[in-house]
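Heads up: the structure comes next, in structure tokens.
The values are calculated or read from the model by the stated rules, or taken from the named source; none is laboratory data. Everything numeric in this text was worked out from a predicted model, so none of it was measured. Quick reminder, even Gly has a Cβ in these numbers, built from the backbone with ideal geometry, and neighbours come from all protein chains shown.
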Amino acid sequence: MNTISKKVSIDDIDFKALSKECKTQEDISKLTKQFMKNMIEGMLQAELEEHLSISDTTSKNGSYSKTVRSDAGEIELSIPRDRKAEFSPQIVAKGQRDISGIDDKIISMYARGMSQRDIEKQIKEMYDVNISDTVISRIIDRVTPQIKAWQNRTLEAIYPIVYMDAMVFKIKDDNGFYKNRALHFAIGITLEGKKDLLGMWLTDNEGAKFWLSIVAELKNRGVEDILIASVDGLKGFSEAINSVFPQTIVQRCIIHQIRYSLKYIGSKYQKEFMNDLKRVYKAPTKDAAEIALLELEEKWEKRYPMVINSWKNNWEELSAYFEYSEPIRRIIYTTNTVEGFNRQIRKITKTKGGFSNDDSLLKLVFLAYRDISKKWEKSISNWAEIISQLSIHFNDRLEGKIR
């Protein structure tokens with residue numbers, strides 16, 4: 001196809017004739033590259049001429065060859081230059097080797113859980129460009145400074161609701177063995193009703209002492225008040241929160257408590273026990289719930305004393321949601337908001353098995369969060385009603401704060 005190999009000017013193109021000559025996808029690709037090459041080189045020449053028009057101390061000095069990655073594949077360009085090396089092109093800057101947006105696509109693929117080997121194959125198929133594992137790693141590593149800036153950003157002064165939970169991942173230690181490490185999350189609901197991941201913190205295991213350091217960090221980053229914290233059943237969790245935010249109401253997750261209870265209930269009694277238990281946590285009022293809890297105790301304590309004692313001993317935190325109307329109850333009685341986020345993260349990380357180091361996990365989770373959070377632009381359902389009712393319950397703490 002001689003037409004394709006020649007230097008083509010757009011004004012001279014006979015598209016009808018070209019359509020007859022382009023028999024394969026490869027033909028179209030070659031033509032696209034030639035168009036891009038001509039267009040970019042023309043723009044570079046225009047840039048140089050503009051530079052020379054305002055500088056009378058230099059002149060043209062030929063060109064040099066430079067290969068760049070583009071959406072059409074690799075293109076060899078002739079970059080013009082001047083004798084004093086004063087010319088600095090803008091369309092293809094000095095040192096720039098990618099004009100395609102491939103970097104963003106690589107990061108997007110990594111955020112969806114693709115391995116570096118799969119990314120390498122995909123880029124080759126899409127752009128006919130060979131990119132090594134090393135280059136892919138360097139591109140992904142550019143996210144690290146963004147993670148540090150995000151993790152240390154200033155937070156809002158008040159969060160009406162904050163959910164806290166952790167996930168366990170396998171990460172290789174210094175001796176080459178995989179061990180479990182806990183990645184902690186805190187998701188806040190802003191005064192506008194939008195979700196906001198406040199941070200992520202990695203440690204060897206989930207514990208109240210580490211959560212205390214997290215809560216203290218939130219305060220140091222600007223958080224002055226949390227109205228309600230929804231947490232799992234970790235021992236010492238509420239003490240850790242209230243030591244930093246003494247006015248925060250702590251709601252222990254009902255779903256976590258139910259799961260804990262069923263672990264110790266014989267399978268043949270689980271259905272009957274759950275029917276009785278629903279009368280407790282689905283009661284219309286706290287008084288009605290406490291009556292149902294007494295009935296549950298009378299019926300089941302002899303058979304399952306540990307389960308009943310767990311409900312009784314943690315009742316104040318388990319029953320905090322009864323103080324509020326149904327719209328508020330629905331969003332605080334369980335940590336489903338953060339667990340839903342965890343499930344989305346797990347979908348992406350489940351193919352990994354284990355991670356080579358802490359940074360590889362944090363980069364993947366951060367990039368996945370960036371994609372997930374695109375759906376967090378709107379307020380959660382019924383937020384206008386919820387914040388209106390919260391402003392009545394917490395009038396002294398929200399007065400003048402709601403826009």
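What to note about this one:
Every residue, every condition in (1) more than 23 Å from SER238 (Cβ to Cβ); (2) in a helix (DSSP H, G or I); (3) in the same structural domain as ASN336 (by TED's automatic domain parsing), yes or no:
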position: ARG259; (1), (2), (3): no, yes, yes
position: ILE265; (1), (2), (3): yes, no, yes
position: GLU272; (1), (2), (3): yes, yes, yes
position: LEU277; (1), (2), (3): no, yes, yes
position: VAL280; (1), (2), (3): no, yes, yes
position: MET306; (1), (2), (3): no, yes, yes
position: TRP311; (1), (2), (3): no, yes, yes
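- Hits in segment 327-343 - residues which are free of Cβ contacts under 8 Å to residues at least 40 places away in the same chain and under 17 Å from ALA186 (Cα atoms): GLY340, ARG343
- Pairs where the first residue, in segment 253-281, is farther than 15 Å from ARG303 by Cα and the second is of a type in the set (Asp, Glu), C-beta under 6 Å, 6+ apart: CYS253/ASP232; HIS256/ASP232
- Residue check, ASP128 modelled with pLDDT under 90 and either surrounded by fewer than 20 Cβ atoms within 10 Å (Cβ to Cβ) or in contact with a Pro (Cβ under 9 Å, 6 or more places away or on another chain) (or both): yes
- Subset of segment 223-260 (residues that are in contact with a Leu (Cβ under 7 Å, 6 or more places away or on another chain), within 13 Å of ASN314 (Cβ to Cβ) and not hydrophobic (A, V, I, L, M, F, W, C)): ARG252, GLN257
- Looking only at segment 212-242, and only at residues there that are farther than 25 Å from ILE392 by Cα and of a type in the set (Gly, Ala, Ser), the one that is surrounded by the most Cβ atoms within 10 Å (Cβ to Cβ): ALA240
- Of the listed requirements (1) under 27 Å from the mean Cα position of the chain (by Cα); (2) over 30 Å from ALA384 (Cβ atoms); (3) assigned to a helix (DSSP H, G or I), LEU183 misses just one: (3).
- Within segment 177-206, being of a type outside the set (Val, Ile, Thr) and more than 25 Å from LYS347 (Cα to Cα) holds for LEU191, GLU192, GLY193.
- The one condition from (1) out of contact with any Ser or Thr (no Cβ under 7 Å at 6 or more places or on another chain); (2) more than 13 Å from TYR163 (Cα to Cα); (3) modelled with pLDDT of 95 or more that ARG221 does not meet is (1).
- Residue within segment 371-393 that is surrounded by 16 or more Cβ atoms within 10 Å (Cβ to Cβ), under 17 Å from the mean Cα position of the chain (by Cα) and not aromatic (Phe, Trp, Tyr) present: yes
- Scanning segment 46-94 for residues that are free of Cβ contacts under 8 Å to residues at least 40 places away in the same chain, out of contact with any helix residue (DSSP H, G or I) (no Cβ under 9 Å at 6 or more places or on another chain), of a type in the set (A, V, I, L, M) and surrounded by 11 or more Cβ atoms within 10 Å (Cβ to Cβ) gives ALA46, LEU52.
- Only one of ASP165, ASP196 that is at pLDDT 95 or above, acidic (Asp, Glu) and either touching a His at 6+ places or on another chain (Cβ under 9 Å) or part of a strand (DSSP E or B) (or both): ASP196
- Every residue from segment 344-370 that is in a helix (DSSP H, G or I) and either under 20 Å from ILE189 (Cβ atoms) or of a type in the set (Val, Ile, Thr) (or both): GLN344, ILE345, ILE348, THR349, VAL365, TYR369, ARG370
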